[in-house]
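Read the structure below first, then the notes.
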Amino acid sequence: AQSVTQLDSQVPVFEEAPVELRCNYSSSVSVYLFWYVQYPNQGLQLLLKYLSGSTLVKGINGFEAEFNKSQTSFHLRKPSVHISDTAEYFCAATGSARQLTFGSGTQLTVLP
Amino acid sequence: DARVTQTPRHKVTEMGQEVTMRCQPILGHNTVFWYRQTMMQGLELLAYFRNRAPLDDSGMPKDRFSAEMPDATLATLKIQPSEPRDSAVYFCASGPPHLQGEAFFGQGTRLTVV
């Protein structure tokens, strides 16, 4: 069965600083990987996805993620964060069953 | 602008009452998911359907929860009888046939059982 681990439950960072949100997955089959963002009182929105091809994936709002098969990781990065990036971020994976499994989430708080 | 629509957005009910949550998936999507989100458990998959057929509802308490898709434009999640521990935000999401697991989420139904 697919499992997704987000290593940090909370990440505080100052505005304009870089940030990395960590995600590891476990799978013995081909996997597709996603990052979603959830703003307060909202549903989840897709930030970016890895299906195949280039291991560096660019998404919306200046975010990018790198798929690392040897380390089974899919960390999310942004070189300079804004106050508006404050939200909860979820890593997700789907395998052969096409069932989306989410990590526990990382609360990113951008401080002025 | 295509989106997943969930009703109601908020529901407060008394313990023991029946609760029905509705979801209208995006037109053309053939996969529908129901998730429950709580502070303690995070996002839990309750059930999912493909082409209106239930594929997995192992995450759903069978004695009180039921999920159905009466037609391609409507998915329902029912709780009968409701209990305070069912208080949570329930999300519906839908996915198109050709995408591998990507899901588009509704705004959620915030359920409070008192």
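The values are calculated or read from the model by the stated rules, or taken from the named source; none is laboratory data. Just so it is clear, the structure is predicted and the values come from calculations on it, not from any experiment. Neighbour counts run over all protein chains shown; Cβ positions are idealised from the backbone, glycine included. What goes into the accessible areas is simple: the full protein's heavy atoms, side chains included, and nothing from ligands, DNA or RNA. Shrake-Rupley method; radii C 1.70, N 1.55, O 1.52, S 1.80 Å.
Rolling a 1.4 Å probe over the heavy atoms of the protein chains gives the range B:5-113 an accessible area of 47 Å² per residue. Binning the C-alpha pair distances of chain A at 5 Å intervals from 0 yields a P(r) profile of 2, 13, 24, 26, 19, 10, 4, 1, 0 %, listed from the shortest bin outward. As a calculated quantity, the FRET efficiency between A:Glu66 and B:Asp56 at R0 = 35 Å, using C-beta atoms, amounts to about 0.70. Reported to the nearest whole Å, the Cα centre-to-centre distance from the range A:1-67 to the range B:44-63 is 25. Between A:Ala65, A:Ala92, A:Ala17, the GNM of chain A built on Cα springs shorter than 10 angstrom shows A:Ala17 fluctuating the most. The accessible-area ordering, largest first, of the residues B:Arg22, A:Arg77, B:Arg3, B:Arg36 stands as B:Arg3, B:Arg22, A:Arg77, B:Arg36, per a 1.4 angstrom probe.
Across the range B:12-24, coupling constants 3J(HN,Hα) worked out from phi with the 6.51/-1.76/1.60 Karplus curve, θ = phi - 60°, read 10, 9, 8, 3, x, 7, 7, 10, 10, 10, 10, 9, 10 Hz, and Gly and Pro carry x. Ranked from largest, the principal axis spans of the Cα set of the protein assembly as shown equal 49, 38, 33 Å. Gyration tensor analysis over the Cα atoms of the range B:5-113 returns equivalent ellipsoid semi-axes of 22, 13, 13 Å (largest first, whole Å).
The order of A:Leu56, B:Leu27 by accessible area, most exposed first and with a 1.4 Å probe, is B:Leu27, A:Leu56.
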